[in-house]
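Trainee: The structure is given below, and queries will be raised subsequently.
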There are 2 protein chains.
Amino acid sequence: MGTVSPLAPAAVPGLPPLAGVRLATAAAGIRYAGRTDVLLALFDPGTSVAGVLTRSKCPSAPVEWCREKLKAGKARALVVNSGNANAFTGKNGREATRFTAALAARASQCKPGEVFLASTGVIGEPLKATQFDGVMDGLVAAAKPGAWLEAAQAIMTTDTFPKLATASAKLGKATVRINGFAKGAGMIAPDMATMLAFVFTDAPISASALRALLKSEVDDTFNAVTIDGDTSTSDTLLLFATGAAAKSGAPRISSASDGRLKDFRRALHGVLADLSEQIARDGEGARKLVRITVKGAVSKKSARRVALSIANSPLVKTAIAGEDANWGRVVMAVGKAGEPAERDRLAIWFGDIRVAAKGARDPAYDEAEVSAYMKGHVIDLTVDLGLGRGTDRVLTCDLTKEYVAINGDYRS
Amino acid sequence: MGTVSPLAPAAVPGLPPLAGVRLATAAAGIRYAGRTDVLLALFDPGTSVAGVLTRSKCPSAPVEWCREKLKAGKARALVVNSGNANAFTGKNGREATRFTAALAARASQCKPGEVFLASTGVIGEPLKATQFDGVMDGLVAAAKPGAWLEAAQAIMTTDTFPKLATASAKLGKATVRINGFAKGAGMIAPDMATMLAFVFTDAPISASALRALLKSEVDDTFNAVTIDGDTSTSDTLLLFATGAAAKSGAPRISSASDGRLKDFRRALHGVLADLSEQIARDGEGARKLVRITVKGAVSKKSARRVALSIANSPLVKTAIAGEDANWGRVVMAVGKAGEPAERDRLAIWFGDIRVAAKGARDPAYDEAEVSAYMKGHVIDLTVDLGLGRGTDRVLTCDLTKEYVAINGDYRS
């Protein structure tokens, strides 16, 4: 803890202002001392929103709030706090979301149903929403374009670096902007490492089109990252579109199948892929980013399942932490995935080095060569099942003693 | 490594001889120096056998051998080696099984198809079966009743203690015996901690009845234990019945539904439960045995899935390692299981202490009381889903830095 992940990007990208979005942060003293822990984002009238929320059967109160309000798809404000997840907090939790939304609505002159909420931090502790009371008016007054880094920092928990990404895209003859930031250092620990991501664009895109865009682009980005196979009660990804670029000639888009979205879709994918990779690079205790590609599967879905079986295997992850090209454990993880696989067709590579083929160790296997490769920060692991054309890729990180220390020593 | 698990039983049980079984061990130098690594068991003519084998799609050569030979259900010999799993060894692996079975058949004067094989150890390294050549005749000559402890020791890999169990049962008017031993310290690491278990009885029970008995009794014993959710390419459980007790009046049983099996079934369950709990108690790096009971589920199957989701959650396991009654992570694991669950009906206990109820922390929650409980060696975690009558229990252990050290530092 305290030190930045060795896998952090060399520099934090500077994000330009985005028309229709203003940001402010404050220290409400939810849990941490001497740092900000509340973020307010304000949106111009006409902003649409879509979201992807945790599939947990035990979601947090803010997740239930967002699920309900996303139906209308209109946003004027977003309030995020770190330090307390407001999850498994019963009636108090529901009251805290209502109180916070009413507070933000009054201060920013919108309806409570246009306020979106997210919380990350300890689970099961009542959230004292009254603590937001003292900072809300100040947040509204201070909100300004361009405070992206401060926003990303205010929502960090066990993260070792702030995670930001930006891209521009052509929409009609106009250029639109996409900015985003995220937090999360486990995929996804419920206490301190819930995954939250917020993405913003000035493109004028309807809520229903945003929904369809997000659904298709999240599959190979956020849904293809796993740290420990654990899913938070609070995972939240929201995509806001202010529509401000309409003034500079961007066409209004009401369907995700609109051909004019091609470049926007590419840029959105890029921002989601960038943010989700940063989450893997900040996996709790991670020292290696692991990119697992499975090809030759009977389908993409089958390839994904095999890749996740490898990515979530404690034995594969501890071997990589030990810089050990232990392909036997990869065979094990393929074998237990429950997907079609034939031992004698299997081939495995670490980087470009083929270590196993046709059901046995590669005859040309050179332990020294592979060991040298395993010392790198980024490990590419490829498995060819030799059965079909299904291909997929997931990202994960290694499993180190630091992961156990972070998660075993945290509360006690 | 090197020190015995703090969860080991106080004493290793002494196993009595079992009519129709003779055992011998030898040091063939497969991988380890200064210890035994081959076990030979010889069975009297008329011995029947049933087995449960790994569901891995990439099974080891000996697993494929056993699967084929179990069809006939007749056994005269069992050869087990530690140090090399003979898994993912291609054509060489198949040849090694044929060679070993032929060798044992010749030395013990039976058919190769009556020889059963199991191997545990490194994966992907060719097994030099010729190394058995020098020891096989000696093993056959030395085989004697009562060498149970030596047998259990010869098949150990990362195990910190030998695992043995015994029971007797009434069958008709005769008393029959069940002896068993097992190894495995991960559930189930493919390199060095494959789960192998061998159980023997003198009861005269046909192969088809043994199969049905084993299938039903394994579900709540060996199949209800998980260390890390990883499944070996080599997991093997074999149950041999010599029938020698027929001489002392035990009736010949040809169907698992025979009412006279009632006491035998109880005793078999006890031996399997004992051995499988010993495996959890020797989980790699384990300092706590964790018994997870899920009740109030919509079905037993659903309860099993929720229990396994909790048992395999790295965040739950690291919290328990840290002696932290982090019930928020239990909520997370329930929520991600994908089974019917309602947050506001959930209740959670550590030992007898209810920590959460009706979707929130228990009003009477006392951190000091729970913390004291968490210091024990055995942690009982109970979840009531409040939906139905489905109940199930699984065993696991905590996830410690030692697990990462054992599995991350092993080969490199």
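Trainee: Got a sec? Which of B:276, B:254, B:299 is out of contact with any Leu (no Cβ under 8 Å at 6 or more places or on another chain), hydroxyl-bearing (Ser, Thr, Tyr) and either under 15 Å from residue B:184 (Cβ atoms) or not assigned by TED's automatic domain parsing to the domain that holds residue B:179 (or both)?
Mentor: B:299
Trainee: Under the condition of being touching a Phe, Trp or Tyr at 6+ places or on another chain (Cβ under 6 Å) and within 14 Å of another protein chain (Cβ to nearest Cβ), which residue from the range B:103-137 is nearest to residue B:181 (Cα to Cα)?
Mentor: Taking the candidates together, the pick is B:123.
Trainee: From A:169, A:189, which residue is in the same structural domain as residue A:49 (by TED's automatic domain parsing) and modelled with pLDDT of 95 or more?
Mentor: A:169
Trainee: Here's another thing I want to ask about it. Can you tell me which of A:261, A:275 is surrounded by 24 or more Cβ atoms within 10 Å (Cβ to Cβ) and part of a helix (DSSP H, G or I)?
Mentor: A:275
Trainee: While we're on this one: Taking residue B:6, is it over 18 Å from residue B:183 (Cβ atoms) and within 21 Å of the chain's Cα centre (by Cα)?
Mentor: Numbers: over 18 Å from residue B:183 (Cβ atoms): yes; within 21 Å of the chain's Cα centre (by Cα): yes.
Answer is yes for this residue.
Trainee: Against the definition (more than 14 Å from every other protein chain (Cβ to nearest Cβ), of a type in the set (Val, Ile, Thr) and in contact with a helix residue (DSSP H, G or I) (Cβ under 7 Å, 6 or more places away or on another chain)), how does residue B:140 come out, yes or no?
Mentor: yes
Trainee: Just to be sure, is residue B:71 under 30 Å from residue A:347 (Cα atoms) and surrounded by fewer than 18 Cβ atoms within 10 Å (Cβ to Cβ)?
Mentor: Considered against the rule, which asks whether it is under 30 Å from residue A:347 (Cα atoms) and surrounded by fewer than 18 Cβ atoms within 10 Å (Cβ to Cβ), residue B:71 comes out as no.
Trainee: Return the pairs, sorted by first residue and then second, in which the second residue is hydroxyl-bearing (Ser, Thr, Tyr) and part of a helix (DSSP H, G or I), the first residue lies in the range A:57-69 and is more than 24 Å from residue B:305 (Cβ to Cβ) and in contact (Cβ under 8 Å) with a residue 24 or more places away in the chain, the beta carbons are less than 8 Å apart, and the residues are 6+ apart or on different chains.
Mentor: Pairs found: A:61/A:97; A:62/A:97; A:65/A:97.
Trainee: Also, I was wondering about something else. So how many residues does the range A:266-295 have that are of a type outside the set (A, V, I, L, M, F, W, C) and free of Cβ contacts under 8 Å to residues at least 60 places away in the same chain?
Mentor: We begin by selecting, within the range A:266-295, every residue of a type outside the set (A, V, I, L, M, F, W, C); these are A:266, A:269-270, A:274, A:276-278, A:281-285, A:287-288, A:291, A:293, A:295.
The next check asks that each one be free of Cβ contacts under 8 Å to residues at least 60 places away in the same chain; those that pass are A:269.
Result for the range A:266-295: 1.
Trainee: What pairs can you find where one residue is in the range A:4-18 and loosely packed, with under 11 Cβ neighbours inside 10 Å, the other is modelled with pLDDT of 90 or more, and their Cβ atoms are less than 7 Å apart, with a gap of 6+ or different chains?
Mentor: Cβ pairs passing all conditions: A:4/A:160; A:4/A:161.
Trainee: Out of everything in the range A:353-412 that is within 12 Å of another protein chain (Cβ to nearest Cβ) and among the aromatic types (Phe, Trp, Tyr), what residue ends up being surrounded by the fewest Cβ atoms within 10 Å (Cβ to Cβ)?
Mentor: Among those that are within 12 Å of another protein chain (Cβ to nearest Cβ) and among the aromatic types (Phe, Trp, Tyr), it is A:365.
Trainee: Another question, then. What single numbered condition from (1) under 23 Å from residue A:163 (Cβ atoms); (2) surrounded by fewer than 16 Cβ atoms within 10 Å (Cβ to Cβ) fails to hold for residue A:46?
Mentor: Result: residue A:46 fails condition (1) only.
Trainee: Let me confirm something: among B:243, B:229, which residue is farther than 30 Å from residue B:207 by Cα, in the same structural domain as residue B:160 (by TED's automatic domain parsing) and surrounded by 20 or more Cβ atoms within 10 Å (Cβ to Cβ)?
Mentor: On inspection, the qualifying residue turns out to be B:229.
Trainee: Follow-up. Return the residues of the range B:338-352 that are of a type in the set (Lys, Arg) and within 10 Å of chain A (Cβ to nearest Cβ); say none if nothing qualifies.
Mentor: Hit for the range B:338-352 is B:343, nothing else.
Trainee: Further question on the same structure: Could you grab me the full set of residues in the range B:284-332 that are at the interface with chain A (Cβ under 9 Å from one of its Cβ atoms) and surrounded by fewer than 23 Cβ atoms within 10 Å (Cβ to Cβ)?
Mentor: Across the range B:284-332, the qualifying residues are B:322, B:323, B:324.
Trainee: While we're looking at this one, here's another question. Can you tell me which residue among B:287, B:329, B:291, B:305 is farther than 30 Å from residue B:343 by Cβ and charged (D, E, K, R)?
Mentor: B:287
Trainee: Looking only at the range B:210-237, which residues are touching a Leu at 6+ places or on another chain (Cβ under 7 Å) and more than 30 Å from residue A:228 (Cα to Cα)?
Mentor: Passing the criteria: B:210, B:213, B:214, B:217.
Trainee: Name every residue in the range B:29-58 that is in contact with a Gly (Cβ under 7 Å, 6 or more places away or on another chain), modelled with pLDDT under 95 and not basic (Lys, Arg), in order of residue number.
Mentor: First, the residues of the range B:29-58 that are in contact with a Gly (Cβ under 7 Å, 6 or more places away or on another chain): B:30-32, B:37, B:43-44, B:46-50, B:56-58.
With the extra rule that they be modelled with pLDDT under 95, the set shrinks to B:30-32, B:56-58.
The answer is B:30, B:32, B:56, B:58.
Trainee: Name the residues in the range A:85-102 that are more than 14 Å from every other protein chain (Cβ to nearest Cβ) and touching a Ser or Thr at 6+ places or on another chain (Cβ under 8 Å), would you?
Mentor: Matches in the range A:85-102: A:99 only.
The values are calculated or read from the model by the stated rules, or taken from the named source; none is laboratory data. Source: prediction; values computed, not measured. When we count neighbours, we look across all protein chains shown, and the Cβ atoms used for this are built from the backbone with ideal geometry, even at glycine.
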